[in-house]
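The values are calculated or read from the model by the stated rules, or taken from the named source; none is laboratory data. As the structure is a prediction and not an experimental result, all values here were calculated from the model. Cβ placement follows ideal geometry from the backbone for every residue including glycine, while neighbour counts extend to all protein chains displayed. Note: accessible area is taken over every heavy atom of the protein model, side chains too, but ligands, DNA and RNA are not part of it. Shrake-Rupley method; radii C 1.70, N 1.55, O 1.52, S 1.80 Å.
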Amino acid sequence: MHAIITTTGQDRVGIIAGVANAAAERGLNIVDVSQTLMDDFFTMIMRVALPEGEIDMGDLQAHLSANGERLGVVVRIQSEELFTAMNEV
């Protein structure tokens, strides 16, 4: 199963490393990543493979959000299916 992590906020040093480390702490494998910078606004989308077994998305969201707060950015995670359904045109 895959999930999508989105990160947005003011650009600063260490955002990619911080979010990647937070994902690794929960056993998430980054399989694709895209990031961009518009003026000082940072955006990143990561596609991650979730570990086998029962996944508590609420716990993952809380962990990523807490790390995002320390970095000064907003981090969200959704199942890939939900993300795709919400973003289809």
Mind grabbing the base-10 log of I(q)/I(0) for the chain at q = 0.10, 0.11, 0.12, 0.18 Å⁻¹? Debye formula, identical points on the C-alpha positions, no solvent, two decimal places. -0.23, -0.28, -0.33, -0.75
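Keeping the other protein chains in place, figure out the carbon and sulfur percent of the accessible area of the chain, with a 1.4 Å probe. Please report the intermediate quantities before stating the final value.
Values: 2840 of 5470 Å².
Looking at the chain in its full context, I get 52 percent from C and S.
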How far apart, in nm, are the 7 Å Cα→Cβ label points at Met1 and Leu82? 1.0 nm
Sorted peptide list for 76-84, 51-59, criterion being average Cβ within 10 angstrom, highest first: 76-84, 51-59
In percent, how large is the relative contact order of the chain, given Cα pairs closer than 8 Å and 6 or more residues apart? 43 percent
